[in-house]
Structure formats: structure tokens, C-alpha cells
């Protein structure tokens, strides 16, 4: 299929040749109301048909199961079109679709998979067996070996973990280890902030930066590790070849956060019955900058109207029930593509910020770094600095060699504590370290555990912890972090007396940290480099 161009509201001009006959058409944007109705309209420029609309409607059946109505309506162009529609749609396509639907139904009931076994690359069987002998997960090897192409071309570790009932971090680390073992390839997907589809996919971290363009939304966006870069995996070519195919471009499976999409002509109204989860949404038109905040809750309205004109929406906020009738009115002079979408990003995405903060990633992919001089936002991270109190006296008392061995053992135990909570050591500075964590509670737990490991020894661990936005850059060939969050965390460690953590209010205010039940006391102190600024600081003990 050849894409000939794009029009307003995500219209597409497409062309293919069927049985030697060229067929060209304009495809309107797909319309759907999740999870029960989907349709698409094609208007043909060349070929035996003038137009065709396909609609699929799903409804629950009494006693279980789903009732599917698959409706195809075609308007032929002359006698040839009537014959073509009767043969292709009325007979051949109908039989093929019925066969597919029956096979899916049988598959749900426990029949063998719909697809044949994939073809492995030469030597792949031996590599898979070797991975199993070395302790790699049998479930992951099974997915790589037998998963269908559409699934394995974009393996999402958190989705795998949820399907297996396994830990998310453990599954992500498993995929990273499988990549280093040569079974998987790591992919950095650069996601558009509007449609959240992959505008580009890179295989090297140094190529992940700068500004990108989304062909679907026709916007440019800046790449950031916290939201717009998702880490996925696919089988390595030495195991099996997988083609990265996009199925039904513009369909709801590519934009699962969009729960309603409707193309409404100028001056018209359309009612849709929605079934929504509680939470925050926004209603927008693709061609206009305005967005209407929508809050869904159990006590929300059962019916509501939303009118859009050239100046924006007729109201400031819309409150809906989890089941509601929503009337969409287009009072502008042009057709509008209405989209109702969740504002929250999927929690099944393993973001680049999370992955690069893992110790396993730093250990296995130490050579991976950003392009020199290219900073990139990583969003919110928790930054830790440590130092050893009493190390100078300890060297004098026991001698350089024994003291040095004890300090090395301490740094190793620090690394274990950091990695055990999903963080990573960014750098070591003698007997001190800098570490980062995705969540404040993980940093607090790791540092309390590290302090307990020094109990009874003539050394004490001083710790400073702060959470906030960070910038990642390549420094001395490795991924490093900079910004005011890092600077503030580095100052807090100087206020620690050992056997305590000095944390900022941003850390202590985290609900998970509050649930730990640690003892706290307020702390006063001036921070070097932040003269004249007042911070709410706390001393934390187990």
C-alpha cells in the first residue's frame, strides 16, 4: 500500500493495485467509542467503488461472551463496481472474515494458536538452549521463540510482567540481561506527546535526543526521558527476523489513551454512549488548540453536552459519570475530529528515565551514552550523596591497607543496597557515592539498610537525599546527572552527622516515605551555593 499524502484531521490519500487494477482512495480518520464501536470510511478516487464504510460493534451476551456485528456497506461505481462488490465483499471477503472470527472464537476457548510457528534463524535453537542452561527465564525464552511477529516486534517488559504476574523491575532487568546475552535488542521509542505513537525508533542511546517530528499530528516535539522515550525490546536477528509492521494506522490499538474519536461535520451534533474509568481526561479537536478538562467519577453526570466554536469550548470543565451519554456539537465552520483521551500516560511504559537509573543497565551497557554536549530532561529523580564519617581517623588507627579494604567493602555494600531498591550508582568519589532512584522511598530504604550494615563499626554513613527534575548528560564517557536538584542533594550530605539521613521536604512529603514510619525532626542550616534561600529540611532515623 502506498501513502500518497495527508489532509486535514488526519485524512489520508492511499493507493494500491488489486488484480492489476489501480485503486486510490481518501481514508477518513477512524472513528470509535471504546470498547464497543469502531468504524472507518473510505471514499475512492479510482477503482470500481465510490465509497465503503466498515463498522464493528461489540456488545456483551447474556451468560458470557461477546456479540460481534461486522457491517460492510459499499457504494459501487457502475456495473463493474456492482459485480466487484458482490464477488469481493459479498462472497470472498465475507467467507474470509467469517473464518477469521471463528478461529479467534476457538482460540479464546482454548484451541491452538491462530498463527504458525515462526521461523528461527540458523543456530537460534542452540543459542536459546544455551540461554536456558545459563539460567535465563524459560517464559521469556518461550516468548522469543514462539511469540507471533506482531507481539515480539515490540516487547514491553512491564506488560510482560503484568501478564505473568511477576515483578516489573525483575522482568525489565531480565530483558536487559537477555539483550546482553544476544537474545533481544533494545529499542528506544520516541513518543509523540499528542498521539503517543512512536515518531521514531532508535537502537543507540546516542541517537536519542533533540527535536522530532510526528507525521500523524504534524507537530515537532522535544525528546525527554521522563515521558517521550519508552524502552521496548525485540528478538535479535541471530534468533529470528521480525518486521516492524504497523497494523491499521490511525486505529485505536495505536492510541489506547484515546477512548472516543469522532469526525463531526460543521454545524452538526453527535451523541455517543461512553463507558469510562474514573479519572481525568481531556476533550479536544485535532485541528484546534483548545482542550476541555473532563473529570469522570461515580457521581458524575449521566448526560452532558460539549459545544466547540472557533473561540473554544462553551464550558470550563465537564464532569461525567462512568457511564454517560455525551453530546458533541461542532459549532465551527469546518469539520472537526473530536478526541476524548486520558491525560495520564500508561503505567505499562518502561521510560528511559527509569531504565537508565537502574544499576543493571549501567553495569551491562556501560558504553551506552548520550551524544557529547547533548543534555536531555529525565524528569523527576531522587538523588543521593553519601560520605563516610570517621574514615580519616580509621585509616590512622588500623593502617592504610586494612582500612582501604574495609572502605572497598563498604562501597560494595552500598552498591548492593542501591541496586536492591532499583537505583544505580552514578559515580564513586573515594569512599563517597552519588546515586539516583526513580522514587524517594527506594532511596530512603536503601540508605537506611546501608547504615544498618555499618552498625558496630567505627565508621558512620552520612547521607543527603533530594528529589526533583534532573538533566542527563554524558560526562567522561558515562551517563551523568546535573541541575539544581543534584546541587542541593550534594549540599545536604554535609549536614548529616552519620547514622541519619538529611532529606528535603520533597522527599519527606512523598506518601510512600511517610508510610515507612521513620522518626523525623526539623533541621535548620544554610547550604553553600544557596545563600539567602530557606529550605524545609529533615533529619530522618530508622
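Structure values in brief
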| read-out | value |
| --- | --- |
| Residue match in the stretch 403-421 (condition: touching a helix residue (DSSP H, G or I) at 6+ places or on another chain (Cβ under 7 Å), at pLDDT 75 or above, outside any helix (DSSP H, G or I) and crowded, with 17+ Cβ neighbours inside 10 Å) | yes |
| Test for residue 180: is it surrounded by fewer than 20 Cβ atoms within 10 Å (Cβ to Cβ) and either at positive phi or under 14 Å from the mean Cα position of the chain (by Cα) (or both) | no |
| Residue in the stretch 378-390 that is at pLDDT below 95 and in a loop (DSSP other than H, G, I, E, B) present | yes |
| Test: residue in the stretch 177-186 that is without any contact (Cβ under 8 Å) to a residue 12 or more places away in the chain and in a helix (DSSP H, G or I) | no |
| Some residue of the stretch 213-230 being in a strand (DSSP E or B), touching a helix residue (DSSP H, G or I) at 6+ places or on another chain (Cβ under 6 Å), at negative phi and modelled with pLDDT under 95 | yes |
| Residue in the stretch 137-148 that is surrounded by the fewest Cβ atoms within 10 Å (Cβ to Cβ), counting only those that are within 20 Å of residue 170 (Cα to Cα) and in contact with a helix residue (DSSP H, G or I) (Cβ under 8 Å, 6 or more places away or on another chain) | 138 |
| Among the residues listed as 102, 156, 119, 133, the single one being in the same structural domain as residue 186 (by TED's automatic domain parsing), surrounded by fewer than 14 Cβ atoms within 10 Å (Cβ to Cβ) and farther than 30 Å from residue 13 by Cβ | 133 |
| Which numbered condition residue 151 misses (of (1) loosely packed, with under 14 Cβ neighbours inside 10 Å; (2) free of Cβ contacts under 8 Å to residues at least 12 places away in the same chain) | (1) |
| Any hit, the stretch 511-521, residues being in contact (Cβ under 8 Å) with a residue 40 or more places away in the chain, over 26 Å from residue 428 (Cβ atoms), touching a helix residue (DSSP H, G or I) at 6+ places or on another chain (Cβ under 6 Å) and assigned by TED's automatic domain parsing to the domain that holds residue 427 | yes |
| Within the stretch 470-525, strands (runs of 3 or more DSSP E) holding 2 or more residues that are at pLDDT 95 or above and surrounded by 20 or more Cβ atoms within 10 Å (Cβ to Cβ) | 500-504 |
| Some residue of the stretch 110-132 being within 19 Å of residue 234 (Cβ to Cβ), in contact with a strand residue (DSSP E or B) (Cβ under 8 Å, 6 or more places away or on another chain) and either outside any strand (DSSP E or B) or at pLDDT below 90 (or both) | no |
| Restricting the stretch 43-54 to residues that are surrounded by fewer than 16 Cβ atoms within 10 Å (Cβ to Cβ) and more than 27 Å from residue 258 (Cα to Cα), the residue that is modelled with the lowest pLDDT | 46 |
| Any hit, the stretch 55-67, residues being touching a strand residue (DSSP E or B) at 6+ places or on another chain (Cβ under 6 Å), modelled with pLDDT of 85 or more and in the same structural domain as residue 184 (by TED's automatic domain parsing) | no |
| Residues of the stretch 252-274 that turn out to be surrounded by 14 or more Cβ atoms within 10 Å (Cβ to Cβ) and at pLDDT 90 or above, as a count | 10 |
| Members of the stretch 186-233 that are over 16 Å from residue 351 (Cα atoms) and crowded, with 17+ Cβ neighbours inside 10 Å | 194, 195, 212, 214, 216, 217, 221 |
| Any hit, the stretch 452-459, residues being modelled with pLDDT under 90 and part of a helix (DSSP H, G or I) | yes |
| Subset of the stretch 143-174 (residues that are part of a loop (DSSP other than H, G, I, E, B), touching a strand residue (DSSP E or B) at 6+ places or on another chain (Cβ under 7 Å) and within 28 Å of residue 424 (Cα to Cα)) | 154, 156 |
| Extreme residue, surrounded by the most Cβ atoms within 10 Å (Cβ to Cβ), among residues of the stretch 359-376 that are touching a helix residue (DSSP H, G or I) at 6+ places or on another chain (Cβ under 9 Å) and either at positive phi or in a helix (DSSP H, G or I) (or both) | 361 |
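Residues checked against (1) farther than 25 Å from residue 252 by Cβ; (2) surrounded by fewer than 16 Cβ atoms within 10 Å (Cβ to Cβ); (3) within 36 Å of the chain's Cα centre (by Cα); (4) at pLDDT 85 or above:
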{"residue": "28", "(1), (2), (3), (4)": "no, no, yes, yes"}
{"residue": "41", "(1), (2), (3), (4)": "no, no, yes, yes"}
{"residue": "70", "(1), (2), (3), (4)": "no, yes, yes, yes"}
{"residue": "73", "(1), (2), (3), (4)": "no, yes, no, yes"}
{"residue": "76", "(1), (2), (3), (4)": "yes, no, no, yes"}
{"residue": "85", "(1), (2), (3), (4)": "yes, no, no, no"}
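The values are calculated or read from the model by the stated rules, or taken from the named source; none is laboratory data. Computed from a prediction, not measured in an experiment: that's the story for all the values here. When we count neighbours, we look across all protein chains shown, and the Cβ atoms used for this are built from the backbone with ideal geometry, even at glycine.
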